[in-house]
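Derivation of every value follows stated rules applied to the coordinates shown; laboratory data play no part. Note that the coordinates shown come from a computational prediction; the quantities given were computed from them, not determined experimentally. Here Cβ is always computed from backbone atoms with ideal geometry, including for glycine, and neighbour counts include all displayed protein chains.
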């Protein structure tokens, strides 16, 4: 394979597409971590549940758009139920308890999904009007659907910036991230804010899962790897920072896509073929972790950390 | 002194572990030998992790990585025909110490929730390193023939010999962990756990103590990994997966945090629960997950405490 502009553009767009998907996943999680200091591994389940809801509702309604749009309120309600049953008992508990309970939930939901929809991955396809491709600059083709994901992700990010900056609920979220006790002391129902943030974050994770459904297979445990990447994004971006998680997620997407594609080739220039083949793929997938280490050494609290946190 | 020795539940635990193989051989059920061996191997890892978690108060979600490092050290040695057990275990523990020193030094720069995320991320880094090693099976791992060789009279081929070696390692682990938690180092570590700011202000190098605990626990985890590789004759990245790390934490919590015996009891409880649910239904992960949620939510201090509470209540009713 040779290095061409077309290939470069495709990988760049793939990276951006994965990056905005990761952002949709990460934004809810970083708020939950930042505001409530709540380590919620269960976020991975909402991503998976959202994707399964989208498949089921698409098959039921016959429309992809309806399926994806209906998956969001469905996951929202599911998340409210999980919050009421489990999460609300955890806010005051230790991080260890939070990690283990939510790990148990992930295990439970992964298996429930297998019981309902079977162990094999489900595939669902985008409608015809989304399955075309556009021609990039140097004659390379790029699928419209991935471009749509990038557009949706950027719109959601913009909406979140606006909501958090200019609305009352945004103000409460910012205040809650800074000093939850103070917000409660001035008479705001902080528990209600918590519940809303958990459920909205879950709906965003569901959007990410539903949109990724047609690209990768919808299967049990699909959220687990996203969760770990999201934690890397939060570490890079700074806990509780939406802006940080946006840039970190895009950075991870692009670095990962470029690394996987071009690092093996780069090694092949300097090293012998077998050696490059051996270490290329391994280092390609490790690149983002190396990025994280570099950020961590320079800024232990992340690039966009809150002051005093 | 003598009486307190008899009252020590640890002694009883070892008596049970020592009588067990004789009983198992008598009824010709050597399957249970390897089962209990597995319990003890994970008990060693959980004991090691408890230095960090129970005594140091640090939630590490990445200790399975060190188990994997130990297992890979043995596996790769066998792959290249090095069968000397001293080399295997020396290498496993050495590389385990080195990797936990590097990872610990970085992760301990951040505290609280960031520490959890970082340990998880580094474990995942090692996991992907294992997946990326295509010449060693990548995702699927690889199996090997033979065992670590120590003396001509000590052949790990024999499940009974393996059992005794693992029991000896467990005893060593309990001894070292027990000693170190009672030493000045252990006291300092507990001080760091209860109030880090205060520990710092009376002149403790809290970072150094935490790092020392992290490295020591990493070494025990890689010892456990080296034993695990010998037990299963198989090495794969799945040993390092984050769910393994979470399971280790769970074992500690099940048995009861910050007690010496807890992690071993917890490991036994966890593996028994896992195996028996696995016999009942192929979808054992659903009840298991639910059980985890309920146990952590409602039996906060582990099964030992739960049993004690039940016993106390029973005694009260009778009197």
- Query: What does the helix-only formula give at 222 nm for chain A: each DSSP H stretch with n ≥ 4 adding -39500 (n - 2.57), the total divided by the residues, and the result rounded to the nearest 500 deg cm²/dmol?
  - Reply: -26000 deg cm²/dmol
- Counted neighbours (other Cβ, 10 Å), sorted fewest up, put A:222, A:171 in the order A:171, A:222
- Shielding by partners, peptide A:289-301 (average Cβ within 10 angstrom, other chains): 3
- Item | Sorted by Cβ neighbour density within 10 Å, fewest at the top, the residues B:187, B:126 | B:187, B:126
- Nearest-ten-degree value, helix A:190-212 long axis tilted from longest Cα axis of chain A: 20 degrees
- Approximate spin-label separation residue B:25-residue A:59, in nm, with each point projected 7 Å along Cα-to-Cβ: 5.6 nm
- Item | Per-residue Cβ neighbour rank within 10 angstrom, fewest leading, A:129, B:153 | B:153, A:129
- Item | Mean Cα-pair separation over length for chain B, i.e. relative contact order, pairs under 8 Å, 6 or more apart, % | 32 percent
- Task: Divide the volume of the convex hull of the Cα atoms of the stretch A:5-220 by its number of residues and quote the answer in cubic angstrom per residue.
- Result: 136 Å³
- Query: Using helices alone, what [θ] at 222 nm do you get for chain B, with -39,500 (n - 2.57) per DSSP H run of 4 or more residues, divided over all residues and rounded to the nearest 500?
  - Reply: -25000 deg cm²/dmol
- What ranking do B:308-318, A:14-24, A:105-115 get when scored by the average of other Cβ atoms within 10 Å per residue, highest first? A:14-24, A:105-115, B:308-318
- Could you list, bin by bin from short to long, the percent of Cα-Cα pairs of chain B in 10 Å steps? 6, 25, 34, 25, 8, 1, 0
- GNM of chain A, Cα pairs under 10 angstrom: of A:11, A:265, A:98, the biggest fluctuation goes to A:265
- Once the Cα gyration tensor of the stretch A:186-289 is found, what semi-axes does its equivalent ellipsoid get, as square roots of 5 times the eigenvalues, in whole Å, sorted largest first? 36, 17, 10
- Message: Give me Rg/Rg_expected for the protein assembly as shown, where Rg uses Cα atoms only and Rg_expected = 2.2 N^0.38 Å with N residues.
- Response: 1.00
- Query: Nearest 10 degrees, 0 to 90: what angle lies between the long axis of helix A:273-298 and the longest principal axis of chain A (Cα atoms)?
  - Reply: 30 degrees
- Query: Averaged across the residues of A:84-91, what count of C-beta atoms belonging to other chains lies within 10 Å of each residue's C-beta?
  - Reply: 1
- Message: Please check: in the Gaussian network model of chain B (C-alpha springs, under 10 Å), which one of B:254, B:133, B:223 has the largest mean-square fluctuation.
- Response: B:133
- Counting only other chains, what is the mean number of Cβ atoms within 10 angstrom of the Cβ of each residue in peptide B:53-62? 2
- Query: Which one of A:128, A:224, A:178 has the biggest mean-square fluctuation once chain A is modelled by GNM with Cα springs under 10 Å?
  - Reply: A:128
- Query: Where does each of B:290-297, B:20-27 land if you order them by average Cβ count within 10 Å, highest first?
  - Reply: B:290-297, B:20-27
